[in-house]
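Student: Below is the structure I would like to discuss, written out as structure tokens.
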Amino acid sequence: MKTKTQLAAEARQSGRKFFAATCRRHGANSQHYVSAVMCKQCVSEQTKRYYSTPKGKAAAARQTAKRFGNEVDRYVYLMKCEIAGLAYIGSTTMAPSRRRIDNFNKLRSGSHHNPALQAAFDEHGEKSFSFEMLAHFPGQPEETLRQYEQFYLDAGEVRGLRLVNVKRASVAAPQR
């Protein structure tokens, strides 16, 4: 008779995720995970027990927030057109790639809220623009994000480029 470890190794070699074995709690021919060498029912029960503890509830809340786009990562980004000598500072809670796509789609359609940036885009084209992250604030409150955005705006220029932001950030800048 083979052990569960041997059965798991055979299943892993053949590319399967499960194998049949006897579980002390759930009887013969229970489906077992190759990675955990536990039956599906035992894993389910263990998961339920974990998520009923305070630590498990906190982990579930983090997973839910991440899954539904409420992740607490925050970013300050820079869009620039070096040919025109212009830069735009922004902040977002979106994923950087999503924010970049959103900004460039608005510029392409001629509906970006910043007229100077839109004029430079219309004159010089998409290839003259770049997008980069200036700062990443994982788990920080939105107030911190706004403070750092304002810090960059107060400088008046970034990397020798003139800032063309229309609005100021809504929170006072941090102490230098």
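Student: Return a yes/no flag: does the range 88-101 have any residue that is at pLDDT 85 or above and part of a loop (DSSP other than H, G, I, E, B).
Tutor: So far as the range 88-101 goes, no, none of its residues is at pLDDT 85 or above and part of a loop (DSSP other than H, G, I, E, B).
To keep it simple, each residue is scored yes or no on (1) in a helix (DSSP H, G or I); (2) crowded, with 16+ Cβ neighbours inside 10 Å; (3) in the same structural domain as ALA135 (by TED's automatic domain parsing).
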{"residue": "ARG12", "(1), (2), (3)": "yes, no, no"}
{"residue": "ARG16", "(1), (2), (3)": "no, no, no"}
{"residue": "HIS32", "(1), (2), (3)": "no, yes, no"}
{"residue": "ALA59", "(1), (2), (3)": "yes, no, no"}
{"residue": "ARG108", "(1), (2), (3)": "yes, no, yes"}
{"residue": "SER111", "(1), (2), (3)": "no, no, yes"}
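Student: Scanning for something among the hydrophobic types (A, V, I, L, M, F, W, C), touching a residue at least 12 places away in the same chain (Cβ under 8 Å), closer than 30 Å to LYS127 by Cβ and in contact with a strand residue (DSSP E or B) (Cβ under 7 Å, 6 or more places away or on another chain), does the range 63-76 turn up at least one residue?
Tutor: Just the residues of the range 63-76 that are among the hydrophobic types (A, V, I, L, M, F, W, C), to begin with: 65, 68, 72, 76.
Filter once more, so that each one left must be touching a residue at least 12 places away in the same chain (Cβ under 8 Å): 72, 76.
So of that shortlist, the ones also closer than 30 Å to LYS127 by Cβ come out as 76.
Next cut, in contact with a strand residue (DSSP E or B) (Cβ under 7 Å, 6 or more places away or on another chain) only: 76.
Checked the range 63-76: at least one residue is among the hydrophobic types (A, V, I, L, M, F, W, C), touching a residue at least 12 places away in the same chain (Cβ under 8 Å), closer than 30 Å to LYS127 by Cβ and in contact with a strand residue (DSSP E or B) (Cβ under 7 Å, 6 or more places away or on another chain).
Student: Within the range 132-148, is there a residue that is outside any strand (DSSP E or B), at pLDDT below 85 and polar (S, T, N, Q)?
Tutor: Yes; the residues of the range 132-148 include at least one that is outside any strand (DSSP E or B), at pLDDT below 85 and polar (S, T, N, Q).
Student: Could I ask something else about it? Please work out which one of (1) under 30 Å from PRO141 (Cβ atoms); (2) at pLDDT below 85; (3) surrounded by 15 or more Cβ atoms within 10 Å (Cβ to Cβ); (4) of a type in the set (Ser, Thr, Tyr) is the condition TYR50 fails and give its number.
Tutor: So the condition that TYR50 fails would be (3).
The values are calculated or read from the model by the stated rules, or taken from the named source; none is laboratory data. Worth saying up front: this structure is predicted, and the values here are computed from it rather than measured. Note that each Cβ is placed from the backbone with ideal geometry, even for glycine, and that neighbours are counted across all protein chains shown.
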